[in-house]
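Asker: Please read through the structure below; I'll follow up with questions.
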Number of protein chains: 2
Amino acid sequence: MENFTAYNPTKLHFGKDVVEQLREAAQEYGKKVLLMYGKGSIKKNGIYGQVIKQLKSFNAEVIEYSGIKSNPLVDDVNEAAQLGKLNNIDLIVAVGGGSVIDSAKITALSIANNTNPWAIMKFKVKPKTTIPLIAVLTLAATGSEMNGAAVLQNHKTDEKIGFSSSLNFPKHSFLDPTYTFSVPKDYTAYGIVDLTAHSLEGFFGEGDATLTDRFVEAIIKEAMEYGPKVLSEPENYEYRAKIMWAATNALNGLTNYGRKSGDWGVHSIGHNLSYLFDTPHGATLSIAYPAWLKLQKDRIPERIAKLGEHLYGNVSADETINRLEKFFQSLGSPIKLSDIGIGEDKKEIIIQQMIKTETNGMVHKLNDDDRKKIVELMM
Amino acid sequence: MENFTAYNPTKLHFGKDVVEQLREAAQEYGKKVLLMYGKGSIKKNGIYGQVIKQLKSFNAEVIEYSGIKSNPLVDDVNEAAQLGKLNNIDLIVAVGGGSVIDSAKITALSIANNTNPWAIMKFKVKPKTTIPLIAVLTLAATGSEMNGAAVLQNHKTDEKIGFSSSLNFPKHSFLDPTYTFSVPKDYTAYGIVDLTAHSLEGFFGEGDATLTDRFVEAIIKEAMEYGPKVLSEPENYEYRAKIMWAATNALNGLTNYGRKSGDWGVHSIGHNLSYLFDTPHGATLSIAYPAWLKLQKDRIPERIAKLGEHLYGNVSADETINRLEKFFQSLGSPIKLSDIGIGEDKKEIIIQQMIKTETNGMVHKLNDDDRKKIVELMM
């Protein structure tokens, strides 16, 4: 086992109607609230009204920034931060999935440190403090509600990258499974892929952490059991709850304790696809993971077979990859670039983008030849 | 799934030589430190010297309270709190296992709220604040290093009871597996029983929390795999590390999220045995759990078989109980009262103590007839 620090100060409120506790949580930070959300689905499903009711109940002054995209842009964070600075806000309330919460984290840092958000993302400015953040989750996927990570893309620098800091943990997160009832089937599936991929990034990290391996098994088995069920019954509270809680645990530290790091090579590959084609994050992962595993099969056969042992009993590395791919496919998530209409004509563009961004894992290093092979395996 | 709050603000530092970070953690709270520990084994194995070195490095004024027993007494807490008040301390550093850390938690509350510790334990005074606590763990067992619980006994009121509060979380905990190398075989075994029992108390709680059930499986399987190994090789770093981390996870919230509560009936039974005969906590649990399961076998056969499915594949409730009992026995922990020299002549005393203290579970309720049956099953 590697030395590690386990620290997660987010207070997470889980269950039906937990947003009724938002007032109590929010009011201790002040009255000037920057409310951040996406493209407005929260107005259709009533979540916006419930959050506003909580904020108005202590006479909060609510400043809104909306329109954040599902592959979030640094431009939005820039604008939100300007708005926040101008209004001298006390607190950010982020209502949405990972893209909104990630954007809110960097907005908070940008305001509090009076700096350009991209300078933070690129480690050019080390943030010293932040603005308190409360998250209301509407999509089970990224785990951003209980971690310090954020991913943004920048079309000027041609990048989609991540940034982590212990300053980024939300003070409170509210997870009501009913808030995910209206998530469409495809995005529900992408969320299940995402939580599985987060667990796998941990599993293929560095360090002998057997309890953590068993936690990975627990989370992926939960996804394998309840993923198909939630897709059949999207308004089943129990199924939504199980997937929501599994997604949080896949990236709140639990799948990484005792390791030096996770690998994160597959996420790195996926970010390129999202950047180039605006492909939803989870969809890029169900395409990239099988390809990555096929590349690694002869390099780390025992580790892949160990994953198989955890998930399926005694099966080979090949069979493990095959079953995982079938699982993603059974959810309706793409497993090949051709499934999302990306043909051979784009192959060279993807390879060049991966070379340019030096797409890599933290543990299993990829060279240009590997990058090329992975793209071929994704076709 | 039941509604729940997941919140655990302890910053836990795990691994070899992590105590070298104690100075940095401690110095932000002030210079007057109450150092609490047990009967002095930390002076023999060098841990005392390492902790003192860290505290002296920032010129802390160290006031010591030692001699805390393995079934900790409220009298010690009372004295430690007097000493702490008299010296106007800023911080408590607890070096030991659960008994020392539990005592330190209530000492901190008693000082900060200027009240009698037993009044807190009995919910007669609601504590509003506390003194910061840092734990240095020397025994893998109770999980006290990363939770808000504390158990004390009181010979005046004839009780051994628990108290939980979110104020009780240590600010920092330092877990160096080498600090457990010198734990004797019997106490190592009791710790493995304790962590298994904590996981089971969660499993037999109320609420359909399948991911939490899988986490319980993960933790107990880790104990079943590495428990026997650490007993064979007590100075094997990896084995000690695996058991230490498993013990923390068995009672840091993870085995309870999504449930209304755990059961805790077996702990309640065990506390009576510790109270009457000063039996080590873990030893009481390896005696009480099989008995409790035998009593519950016809009441919750499916749940016990479900545990068997998680741990052993497809086995019956009877076989599950049999295998768990054999596991405890294989560790060298007693599974009958006769194993620790308690004979038939004590039967009535135990029954009467359990009736007097209204020994019960939070979910699976016990009446006097059940209490009697359990004692008979423990003989």
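The values are calculated or read from the model by the stated rules, or taken from the named source; none is laboratory data. The model shown is predicted, which means the values in this text are computed figures rather than measured ones. Note that we place each Cβ from the backbone using ideal geometry, even for glycine, and neighbour counts take in every protein chain shown.
Asker: Taking segment A:28-70 on its own, how many of its residues are on the phi > 0 side of the Ramachandran plot and of a type in the set (Gly, Ala, Ser)?
Answerer: Qualifying residue count, segment A:28-70: 4.
Asker: Please find, within segment A:339-350, the residue that is farthest from A:SER286 (Cα to Cα) out of those that are assigned to a helix (DSSP H, G or I) and under 24 Å from the mean Cα position of the chain (by Cα).
Answerer: Ranking the qualifying residues of segment A:339-350, first place goes to A:ILE350.
Asker: Name the single residue that is farthest from the other protein chains (Cβ to nearest Cβ) among those in segment B:188-218 being in contact with a Lys or Arg (Cβ under 8 Å, 6 or more places away or on another chain) and either among the aliphatic types (A, V, I, L, M) or not in a helix (DSSP H, G or I) (or both).
Answerer: So, considering only residues that are in contact with a Lys or Arg (Cβ under 8 Å, 6 or more places away or on another chain) and either among the aliphatic types (A, V, I, L, M) or not in a helix (DSSP H, G or I) (or both), the one farthest from the other protein chains (Cβ to nearest Cβ) is B:PHE204.
Asker: Out of curiosity, is A:THR157 surrounded by fewer than 19 Cβ atoms within 10 Å (Cβ to Cβ) and not in a strand (DSSP E or B)?
Answerer: For A:THR157, the condition - surrounded by fewer than 19 Cβ atoms within 10 Å (Cβ to Cβ) and not in a strand (DSSP E or B) - is met.
Asker: Now, a different point. Give the residues of segment B:221-255 that are of a type in the set (A, V, I, L, M, F, W, C) and either facing another protein chain (nearest Cβ under 10 Å) or surrounded by fewer than 24 Cβ atoms within 10 Å (Cβ to Cβ) (or both), sorted by residue number.
Answerer: Of the residues in segment B:221-255, the ones of a type in the set (A, V, I, L, M, F, W, C) are B:223-224, B:230-231, B:241, B:243-247, B:250-251, B:254.
Correct list: B:ALA223, B:MET224, B:LEU231, B:ALA241, B:ILE243, B:MET244, B:TRP245, B:ALA246, B:LEU254.
Asker: So for segment B:159-168 (the condition being within 27 Å of B:GLN329 (Cα to Cα), in contact with a Ser or Thr (Cβ under 8 Å, 6 or more places away or on another chain) and assigned by TED's automatic domain parsing to the domain that holds B:ASP368), does at least one residue qualify?
Answerer: no
Asker: Answer with yes or no whether B:LYS365 is out of contact with any Lys or Arg (no Cβ under 7 Å at 6 or more places or on another chain) and buried (at least 16 other Cβ atoms within 10 Å of the Cβ).
Answerer: When the stated conditions are applied, B:LYS365 does not pass them.
Asker: A further question on this structure: Among the residues of segment A:89-136, write down those that are acidic (Asp, Glu) and farther than 13 Å from A:LEU73 by Cα.
Answerer: Answer for segment A:89-136, where residues must be acidic (Asp, Glu) and farther than 13 Å from A:LEU73 by Cα: just A:ASP90.
Asker: Evaluate segment A:18-31: report whether one residue or more is within 8 Å of chain B (Cβ to nearest Cβ) and either touching a Ser or Thr at 6+ places or on another chain (Cβ under 7 Å) or not in a strand (DSSP E or B) (or both).
Answerer: Our first condition is that a residue be within 8 Å of chain B (Cβ to nearest Cβ); within segment A:18-31, this holds for A:18.
Now restrict to residues that are either touching a Ser or Thr at 6+ places or on another chain (Cβ under 7 Å) or not in a strand (DSSP E or B) (or both): A:18.
Yes, segment A:18-31 has at least one match.
Asker: Looking at segment A:346-361 only, could you name the residues that are at pLDDT 95 or above and either among the β-branched types (Val, Ile, Thr) or in contact with a His (Cβ under 7 Å, 6 or more places away or on another chain) (or both)?
Answerer: A:ILE349, A:ILE350, A:ILE351, A:ILE355, A:THR359
Asker: Failed condition for A:ALA305, given (1) touching a Ser or Thr at 6+ places or on another chain (Cβ under 7 Å); (2) within 30 Å of A:THR157 (Cα to Cα); (3) without any contact (Cβ under 8 Å) to a residue 40 or more places away in the chain, with all others met?
Answerer: In the conditions (1) touching a Ser or Thr at 6+ places or on another chain (Cβ under 7 Å); (2) within 30 Å of A:THR157 (Cα to Cα); (3) without any contact (Cβ under 8 Å) to a residue 40 or more places away in the chain, A:ALA305 misses (2) alone.
Condition check ((1) touching a residue at least 24 places away in the same chain (Cβ under 8 Å); (2) over 30 Å from A:ASN272 (Cβ atoms); (3) of a type in the set (Val, Ile, Thr)) across all residues:
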| position | (1), (2), (3) |
| --- | --- |
| A:SER66 | yes, no, no |
| A:GLY84 | yes, yes, no |
| A:ASN113 | no, no, no |
| A:THR138 | yes, no, yes |
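Asker: Residues in segment A:160-169: is at least one more than 21 Å from A:GLU79 (Cα to Cα), touching a helix residue (DSSP H, G or I) at 6+ places or on another chain (Cβ under 8 Å), surrounded by 19 or more Cβ atoms within 10 Å (Cβ to Cβ) and not small (Gly, Ala, Ser)?
Answerer: There is at least one residue in segment A:160-169 that is more than 21 Å from A:GLU79 (Cα to Cα), touching a helix residue (DSSP H, G or I) at 6+ places or on another chain (Cβ under 8 Å), surrounded by 19 or more Cβ atoms within 10 Å (Cβ to Cβ) and not small (Gly, Ala, Ser).
Asker: Does any residue of segment A:179-187 turn out to be modelled with pLDDT of 95 or more and within 14 Å of another protein chain (Cβ to nearest Cβ)?
Answerer: Checking segment A:179-187: at least one residue is modelled with pLDDT of 95 or more and within 14 Å of another protein chain (Cβ to nearest Cβ).
Asker: So, one more: Just one of the numbered conditions (1) over 20 Å from A:VAL151 (Cα atoms); (2) without any contact (Cβ under 8 Å) to a residue 60 or more places away in the chain is not true of A:ILE92; which one?
Answerer: If we test A:ILE92 against (1) over 20 Å from A:VAL151 (Cα atoms); (2) without any contact (Cβ under 8 Å) to a residue 60 or more places away in the chain, just (1) comes out false.
Asker: Just wondering, is there one or more residues in segment A:37-46 that are within 14 Å of another protein chain (Cβ to nearest Cβ), surrounded by 15 or more Cβ atoms within 10 Å (Cβ to Cβ) and among the hydrophobic types (A, V, I, L, M, F, W, C)?
Answerer: Scanning segment A:37-46, I find no residue that is within 14 Å of another protein chain (Cβ to nearest Cβ), surrounded by 15 or more Cβ atoms within 10 Å (Cβ to Cβ) and among the hydrophobic types (A, V, I, L, M, F, W, C), so the answer is no.
Asker: Of the residues B:PRO234, B:PRO228, which single one is in contact with a helix residue (DSSP H, G or I) (Cβ under 8 Å, 6 or more places away or on another chain), part of a loop (DSSP other than H, G, I, E, B) and over 22 Å from B:ASP102 (Cβ atoms)?
Answerer: Checking each option against the conditions leaves just B:PRO234.
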